[in-house]
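Engineer: Structure below; questions to follow.
Read the figures in this text as sums done on the coordinates, not as results from a lab. Only a predicted model underlies this, so the values are computations on that prediction, with no experimental measurement involved. Positions of Cβ are backbone-derived with ideal geometry, glycine not excepted, and every protein chain shown enters the neighbour counts.
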Amino acid sequence: MKIKVLGSAAGGGLPQWNCNCANCAAVRRGDPGITARTQSSLCISENDRDWVLLNASPDILQQIRATPELQPARALRDSGIVCALVTDAQIDHTAGLLLLRERQTPLPLHATPSVWAELREGFPLGPMLSHYCGLDYREIPMNGRGFRIPGLPHTRFTAVPLSSAAPPYSPNRNRPAPDDNIGLLIENETSGAVVFYAPGLGQIDTPVREAMAGADLLLIDGTFWQEDEMMRVGLSTKSASDMGHLPQSGPTGMIAALGGLPDISGRAAARQRKVLIHINNTNPILRDDSPERRELDRHGIEVAVDGMTFCV
């Protein structure tokens, strides 16, 4: 099973179009210590031919141009993308669906009931795309049982409810339902390898901790370094927690959580890869030479970059 990082940044990307923070300014002036990134998305395949899109960012067209596997190669008009799965209804994870409207057949879309409701009402991608290719909705079960996706016959997915925030446009913004935000346990039944993908994570409860501990590869929320990061740089009055994200630093942050995972069948040992994804443009870990990056290095935690590939 192969997983490719299409985009590794949080909403807005790096540089964000209207931001002149230190990181965005450094990318614009060509600073070699920092790399531009598009908005968060993955794709996954068993055969390098049929690819499932995990979240569809507004940068999807740029990401397809950078990923030959997703480009047309078998017919006059086609794509390596066989279907899409979204983990929430955030704009930075769903707006890219609109840009796939030229597809010749309805795009199979795997989503939870609450997310599908948002995409029919609050952010009505479903009704809009019904005038183009259309969406073929496939419900993600929230009963703790695994499910399968066409094109990945030997891969088993399981939805894990996450404590995070519903989109700002949602009536559930301050009282999210259990299926407004999910992580994904992805198991390669051929190799036995397990991946846990959670780009938006506000708290680590027992089921999430167990999912993290049981994975060979973690692709986990890396949005903010500090709880008050956006306030410190004068870009928002909201904390990381207000926006549904667990910062990396601090006694209860992501670094501490990753270091305290229980050892389940040896998976939490040194061979487990821990990779931060969905990284906000203000986060100092984006700089290769920053003290914060060196601290991550000391803890064996990696920082995702566009194009990163994992074989599991």
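Engineer: Which percentage, to the nearest 5, of the DSSP beta bridges contained in the range 151-303 is antiparallel? Before the final figure, lay out the partial values.
Structural biologist: Details: 12 of 24 bridges.
Taking every DSSP beta bridge within the range 151-303, about 50 percent pair in antiparallel fashion.
Engineer: Can I ask one more? Using alpha-carbon pairs under 8 Å, 6+ residues apart, how would you state the relative contact order of the range 2-311 in percent?
Structural biologist: For the range 2-311, the relative contact order is 19 percent.
Engineer: State log₁₀ I(q)/I(0) for the chain at q = 0.13 Å⁻¹ as given by the Debye formula over alpha-carbon point scatterers of equal weight, solvent excluded.
Structural biologist: The calculated log intensity ratios at q = 0.13 Å⁻¹ are -0.91.
Engineer: Quick one: dipole size for the range 2-311, taken about the Cα centre, charges +1 on Lys/Arg Cβ and -1 on Asp/Glu Cβ, in debye to the nearest 20. Could you put the intermediate results ahead of the total?
Structural biologist: Numbers: 29 positive and 34 negative charges, 81 e Å.
Roughly 400 debye for the range 2-311.
Engineer: With charges only on Cβ, +1 for K and R and -1 for D and E, what is the dipole size of the range 13-152 about its Cα centre, in debye, rounded to 20?
Structural biologist: With Lys and Arg at +1 and Asp and Glu at -1, about 200 debye.
Engineer: Put a dot 7 Å past each Cα toward the Cβ at Asn47 and Arg232; how far apart are the dots in nm?
Structural biologist: So the label points at Arg232 and Asn47 sit 4.9 nm apart.
Engineer: With just the Cα atoms defining each centre, how far is the range 114-179 from the range 1-34? Give it in Å.
Structural biologist: With the range 114-179 and the range 1-34 each reduced to a Cα centre, they are spaced 27 Å.
Engineer: Moving on to the next point. With +1 on each Lys and Arg Cβ and -1 on each Asp and Glu Cβ, and nothing else charged, work out how big the dipole of the range 233-310 is about its Cα centre, in Debye to the nearest 20.
Structural biologist: That gives the range 233-310 a dipole magnitude of about 180 debye.
Engineer: Moving to a separate point now. Computed on alpha carbon atoms, what radius of gyration and Dmax characterise the range 210-257, expressed in Å?
Structural biologist: Looking at the range 210-257, its Cα Rg and Dmax stand at 12.2, 39 Å.
Engineer: Then there's this: Projected onto the charge dipole of the range 233-312 (+1 at Lys/Arg Cβ, -1 at Asp/Glu Cβ, origin at the Cα centre), which of Gln248, Gln272, Ser236 gives the Cα projection farthest towards the positive end?
Structural biologist: After comparing all options, I get Gln272.
Engineer: Can you work out ³J(HN,Hα) from phi for every residue in the range 234-239, in order, using Karplus 6.51 cos²θ - 1.76 cosθ + 1.60 and θ = phi - 60°, giving whole Hz and x for Gly and Pro?
Structural biologist: x, 9, 6, 9, 9, 8
Engineer: Could I ask something else about it? Which value in deg cm²/dmol, rounded to the nearest 500, describes the helix-derived mean residue ellipticity at 222 nm for the chain, given -39,500 (n - 2.57) per DSSP H run of n ≥ 4 and division by the residue count?
Structural biologist: On the way: 9 runs with 54 residues, N = 312.
That calculation yields -4000 deg cm²/dmol at 222 nm.
Engineer: Taking the chain as a Gaussian network, where each spring joins two C-alpha atoms under 10 Å apart, which residue of Ala75, Ala177, Ala56 fluctuates the most?
Structural biologist: Maximum fluctuation in the GNM of the chain, among the listed residues, is at Ala75.
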